[in-house]
Amino acid sequence: MDTEKLSKKIRTRFDHQQARLILRETYQAKMLFAYEGGMWQAGPELILLCDACGLGMWADSPEKIVLEDYYNTPISVDASELKKLVMERWQEQMNAWQSEYNEISKNR
């Protein structure tokens, strides 16, 4: 293999890694959304926390609970409504992310 081909292969590999990182950062930013005066980041942790609240993991399981938002601000929220919003955002963005990831993988 001559140096030109090797150089091109290395550059393509590096560009793919950069594209993956940029794609991840892009979709992580798209996971943020506003609700009840707070900013939330959709993700498995928030889904599980909302689920635990809805299943009565806490003593009284009130309809409204107080959770910390993305900026560590305590916000009173309806756990079931927040979970619904988080799951919608999460699935929508993950599907789009996977689609774009598959596209850049084909180009490699």
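The values are calculated or read from the model by the stated rules, or taken from the named source; none is laboratory data. On a predicted model such as this, the values are computed, not experimentally measured, just so you know. Using ideal geometry, Cβ is built from the backbone for each residue, glycine included, and neighbour counts are taken over all protein chains shown.
Details
- Filtered by the rule that a residue be over 26 Å from Arg24 (Cβ atoms), part of a helix (DSSP H, G or I) and of a type outside the set (D, E, K, R), the stretch 65-97 gives Ala79, Ser80.
- Test result for Glu100, over 12 Å from the mean Cα position of the chain (by Cα), of a type in the set (Asp, Glu), in a helix (DSSP H, G or I) and at pLDDT 90 or above: yes
- Contacts under 7 angstrom Cβ, first residue in the stretch 82-94 being farther than 14 Å from Tyr70 by Cβ and touching a residue at least 12 places away in the same chain (Cβ under 8 Å), partner part of a helix (DSSP H, G or I) and aromatic (Phe, Trp, Tyr), 6 or more apart: Gln93/Tyr27
- Residues within the stretch 27-39 that are surrounded by 12 or more Cβ atoms within 10 Å (Cβ to Cβ) and without any contact (Cβ under 8 Å) to a residue 60 or more places away in the chain, tallied: 7
- In the stretch 52-70, the residues that are among the hydrophobic types (A, V, I, L, M, F, W, C), modelled with pLDDT under 85 and surrounded by 11 or more Cβ atoms within 10 Å (Cβ to Cβ): Ala52, Cys53, Trp58
- Here Trp40 clears all of (1) modelled with pLDDT under 95; (2) in a strand (DSSP E or B); (3) in contact with a helix residue (DSSP H, G or I) (Cβ under 9 Å, 6 or more places away or on another chain) except the condition numbered (1).
So that you can scan it fast, the table gives a plain yes or no per residue for (1) surrounded by fewer than 16 Cβ atoms within 10 Å (Cβ to Cβ); (2) among the aliphatic types (A, V, I, L, M); (3) at pLDDT 95 or above:
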| position | (1), (2), (3) |
| --- | --- |
| Ile10 | yes, yes, no |
| Cys50 | no, no, no |
| Leu85 | no, yes, yes |
| Arg89 | no, no, yes |
